[in-house]
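**Student:** Can you read through this structure? Questions will come right after.
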Amino acid sequence: MGAVLRRVPTDPEVSAVPAAKPLAGSLASGLVASLCCGGSLVWGLFGLAALYRTLQLWQYVPQFLGAGALLIVAINWFYHPHEARAARDLTHGTLRRRMLVSAGLSLVVMVGSFIFLTWLNHAVVNAARFMKMAKYAEALIPGVPNSELAYAGASLIGGLLMIALLPFQRGQGAAVSSSSKA
């Protein structure tokens, strides 16, 4: 009547450890998305501080974090159907766990590096300028405004919810066999 999952013995190749390709791609996209928020500190390292100020990229923190979360989700969601077709011994649950672990780690790295770079820029390197303002000095993490912490938390929770609630694409359940026998 319903789909029956085959039982797969526990071994390292069938564990919930994420595959290297989507994890690397997700981590890279998360780090790039968080670099927008390092301000002139990070952009100055690449000789692009004037471009950063001209484009006023500090105003687009929610958009960069949201785009980074969407990209992380997309990388993981589009990669795993190929993994399912290539490895017939993976169950639906194992693929789902791998996808959640890969996306979750990448989202945490994105949010963590965003908070660290913002704190480093505002509370350490440019403390004389930023810590005079109440929104930086009286924040939950001094140097990181509470509004930016809310953006980071929203991108983390939103990304995790998206990856958890998105259905698997057709053809991804390679290890699921249809059977009418109970």
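The values are calculated or read from the model by the stated rules, or taken from the named source; none is laboratory data. Remember, it's a predicted structure, so these values are computed and weren't measured experimentally. Note: ideal-geometry Cβ built from the backbone for every residue, glycine included; neighbour counts use all protein chains shown.
**Student:** I need the full set of residues from region 121-145 which are assigned to a loop (DSSP other than H, G, I, E, B) and surrounded by 14 or more Cβ atoms within 10 Å (Cβ to Cβ), in order please.
**Tutor:** Initial filter on region 121-145 (assigned to a loop (DSSP other than H, G, I, E, B)): 126, 131-133, 138-140, 142-143, 145.
Of everything in region 121-145, those that are assigned to a loop (DSSP other than H, G, I, E, B) and surrounded by 14 or more Cβ atoms within 10 Å (Cβ to Cβ) turn out to be ASN126, MET131, ALA139, PRO142, GLY143, PRO145.
**Student:** Which residue, of ALA84, ALA69, is surrounded by 17 or more Cβ atoms within 10 Å (Cβ to Cβ), farther than 19 Å from VAL42 by Cβ and modelled with pLDDT of 90 or more?
**Tutor:** Working: ALA84 fails: modelled with pLDDT of 90 or more.
Among ALA84, ALA69, only ALA69 is surrounded by 17 or more Cβ atoms within 10 Å (Cβ to Cβ), farther than 19 Å from VAL42 by Cβ and modelled with pLDDT of 90 or more.
**Student:** Give me the pairs, please: first residue somewhere in region 51-66 and closer than 23 Å to VAL111 by Cβ, second residue anywhere and hydrophobic (A, V, I, L, M, F, W, C) and in a helix (DSSP H, G or I), beta-carbon distance under 6 Å, and either six or more positions apart or on two chains.
**Tutor:** Correct list of pairs: TYR52/TRP43; LEU57/CYS36; VAL61/CYS37; PHE64/ALA33; PHE64/CYS36.
**Student:** State which residue is surrounded by the fewest Cβ atoms within 10 Å (Cβ to Cβ) when the search covers only region 103-120 and only residues that are within 12 Å of LEU23 (Cβ to Cβ) and among the small types (Gly, Ala, Ser).
**Tutor:** By that ranking, first place goes to GLY104.
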